[in-house]
Amino acid sequence: MVRVDDNASFIDRDLVSGGSPWRLLRLRGHSRAIVERWREGAPVRAGEERFARTLVQQGFVHPTFDTPLSREDIDVIIPVYDDVAALSSLLIQLGGYHVMVVDDGSQDRESVAQCASEHGASLVRVESNRGPGHARNVGAAATTRRLLWFIDVDVSLDDADRVARHLESAFEDPLVAAVAPRVRGADGPSLRDHFEHHFGPLDMGEHSALVVPTGAVAYVPSACVMVRRDAFGDGFDESLRLGEDVDFMWRLHDQNWLVRYDATVQVSHRARSSWLEWWRQRQRYGASSAELAKRHGKRLAPLRADSWTFVAWTSVLVGRPTLGGRIVNGARRHARERFFQSEDNPDAAANQIVTRNMIRAGGPLARATVRTFGVVLLLCALHPRLRARALGLFLVGSAWRWRHDQFHPTDVPFALADDLAYGTGVIRGAVRAKSFRSLTPDVTKSTVGLREILGLPDGTR
């Protein structure tokens, strides 16, 4: 069985938009009928396997398997550093599983060892704390089963069997190397707990997806992830204290493995216990982008858009919306004449694809700008001539958080602190690494030329 992605939609007769990253496909003949049948829950028939595989690898459909849980195929690996109370709680939730606890240089080793022994877990010790990537690699090397289930000690599982069954079933697809559930912040009585539950830093959203570096879900965190041992290879990069999960997922992608995000199952992740630790966590996440950018280049760009989309929205920001409208009209004419003439309604197709996508790009661009450059915008707001535009952009980019969630005024100070901490972390990391790749936007060349934007006929100079 396959499930059609929630964001896949047909445009006109035989065009479908969606995928990860977003793209436009033309499905001729019976292809559309097949996809519509899959959308209604029909199985993949004989002869449709190759077509299904193509759409799976492009993120338009997701395979679904109803397979029983096999605990004997899973090794659970839990890195821990002194947090015995959290370890005990997690081990209770994982009763009946084969668990390997990796003591990552804890100061109170005896308590960690006693806790593991009481709950029937195996234990391996690391002499000095070298970070979660090294600890996970040690745990993988000390186990033998075909699936590695990495779980951080501050994660909670309401129903371990349900989570494990969903994750394990994804490996019925032989190309899947890793799969992760949705990781939400643990809810609680405080206002900060409420914010973490809705906007936790490890939450990749409510829609399942194929994980692709430039897709809607660019990576999945290693706080809770199941990995095929045959795909694990050299494992996590031990030189990275943070961002090792991003690097690992992208290396799997580059090796032509598939990584999946399954939002139908959730686990919770405990927030930092103090304001200072909360702020430092956000800063460290931002700072990690500099080292990742050295390895993965433009994948770490703070914002990305094609050149005309970038110019169009910049023109709106500087008070020249007429130029932005002209760019949209030119791009729409170009698309209609080059790509949509064979459609039943080429104007409607061009409007839906070009106009809607260029307009919809505004919110994510504003959000990405505030996320990384929020502190710069606030500094610009000190200048009288820049104040209105800087604050307007900051407001739009901040408000974009709540596009799918109910707005709560009490979330505002946490949202501001979250963005400012992350953004200052990115800047500090770039300065420390002496590399500004993580601060450089990725503006790609558009297929639309200046002649099309100006509306000039072919051959005009």
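The values are calculated or read from the model by the stated rules, or taken from the named source; none is laboratory data. Values in this document were obtained by computation on a predicted structure and should not be read as measured data. For neighbour counting, all protein chains shown are included, and Cβ atoms are generated from backbone atoms with ideal geometry for every residue, glycine included.
Being surrounded by fewer than 17 Cβ atoms within 10 Å (Cβ to Cβ) and either in a loop (DSSP other than H, G, I, E, B) or of a type in the set (Val, Ile, Thr) (or both), is that true of even one residue in the stretch 322-331? Within the stretch 322-331, one or more residues are surrounded by fewer than 17 Cβ atoms within 10 Å (Cβ to Cβ) and either in a loop (DSSP other than H, G, I, E, B) or of a type in the set (Val, Ile, Thr) (or both).
Regarding Ala216, is this residue at pLDDT 95 or above and either in a strand (DSSP E or B) or not polar (S, T, N, Q) (or both)? Against the criterion (at pLDDT 95 or above and either in a strand (DSSP E or B) or not polar (S, T, N, Q) (or both)), Ala216 does not qualify. Could you check the stretch 190-204 and list, in sequence order, the residues that are small (Gly, Ala, Ser) and under 21 Å from Leu242 (Cβ atoms)? Within the stretch 190-204, Gly200 is the sole residue that qualifies.
For the stretch 168-190, the candidate set comprises residues that are in contact with an Asp or Glu (Cβ under 8 Å, 6 or more places away or on another chain) and among the hydrophobic types (A, V, I, L, M, F, W, C); within that set, the residue that is modelled with the lowest pLDDT is Ala186. Considered as a group, the residues in the stretch 120-157 that are among the polar types (S, T, N, Q) and more than 17 Å from Asp73 (Cβ to Cβ) include one that is nearest to the chain's Cα centre (by Cα), and that residue is Ser156. Taking the residues in the stretch 146-185 that are more than 16 Å from Val265 (Cβ to Cβ) and touching a Lys or Arg at 6+ places or on another chain (Cβ under 7 Å) as candidates, determine which candidate is surrounded by the fewest Cβ atoms within 10 Å (Cβ to Cβ). Among residues in the stretch 146-185 that are more than 16 Å from Val265 (Cβ to Cβ) and touching a Lys or Arg at 6+ places or on another chain (Cβ under 7 Å), the one surrounded by the fewest Cβ atoms within 10 Å (Cβ to Cβ) is Arg146.
Considering the stretch 2-95, the qualifying helices (runs of 4 or more DSSP H), each wholly inside and each with 1 or more residues that are outside the structural domain of Asn256 (by TED's automatic domain parsing), among the hydroxyl-bearing types (Ser, Thr, Tyr) and surrounded by fewer than 19 Cβ atoms within 10 Å (Cβ to Cβ), run over 31-39, 49-57. Of the residues in the stretch 109-118, not one is under 22 Å from Ala209 (Cα atoms), touching a strand residue (DSSP E or B) at 6+ places or on another chain (Cβ under 6 Å), crowded, with 19+ Cβ neighbours inside 10 Å and of a type in the set (A, V, I, L, M, F, W, C). Look at the stretch 230-248: where a residue is in contact (Cβ under 8 Å) with a residue 24 or more places away in the chain and on the phi > 0 side of the Ramachandran plot and a partner is of a type in the set (Lys, Arg) and crowded, with 19+ Cβ neighbours inside 10 Å, sitting 6+ places away or on another chain with Cβ atoms under 8 Å, you get Gly235/Arg136. Criterion applied to Glu206, Glu196 was being assigned to a loop (DSSP other than H, G, I, E, B), touching a residue at least 24 places away in the same chain (Cβ under 8 Å) and among the charged types (D, E, K, R), and the one residue passing it is Glu206.
Per-residue answers, yes or no, for (1) over 30 Å from Gly325 (Cβ atoms); (2) at pLDDT 95 or above; (3) assigned by TED's automatic domain parsing to the domain that holds Leu240:
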residue	(1), (2), (3)
Trp257	yes, yes, yes
Tyr261	yes, yes, yes
Gln266	yes, yes, yes
Leu276	yes, no, no
Leu292	yes, yes, no
Leu300	yes, no, no
Phe310	no, no, no
Thr314	no, no, no
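Only one of (1) surrounded by 16 or more Cβ atoms within 10 Å (Cβ to Cβ); (2) at pLDDT 95 or above fails for Glu452. Which number is that? Glu452 satisfies all of (1) surrounded by 16 or more Cβ atoms within 10 Å (Cβ to Cβ); (2) at pLDDT 95 or above except (2). Every condition in (1) under 29 Å from the mean Cα position of the chain (by Cα); (2) over 28 Å from Val217 (Cα atoms); (3) charged (D, E, K, R) holds for Lys298 except the one numbered (2). Can you confirm whether the stretch 335-345 contains a residue that is at pLDDT 95 or above and of a type outside the set (A, V, I, L, M, F, W, C)? Looking through the stretch 335-345, none of the residues is at pLDDT 95 or above and of a type outside the set (A, V, I, L, M, F, W, C). For the stretch 119-157, a residue qualifies if it is in a helix (DSSP H, G or I) and in contact (Cβ under 8 Å) with a residue 24 or more places away in the chain, and the qualifying residues are Pro132, Gly133, His134, Ala135, Arg136, Asn137, Val138, Gly139, Ala140.
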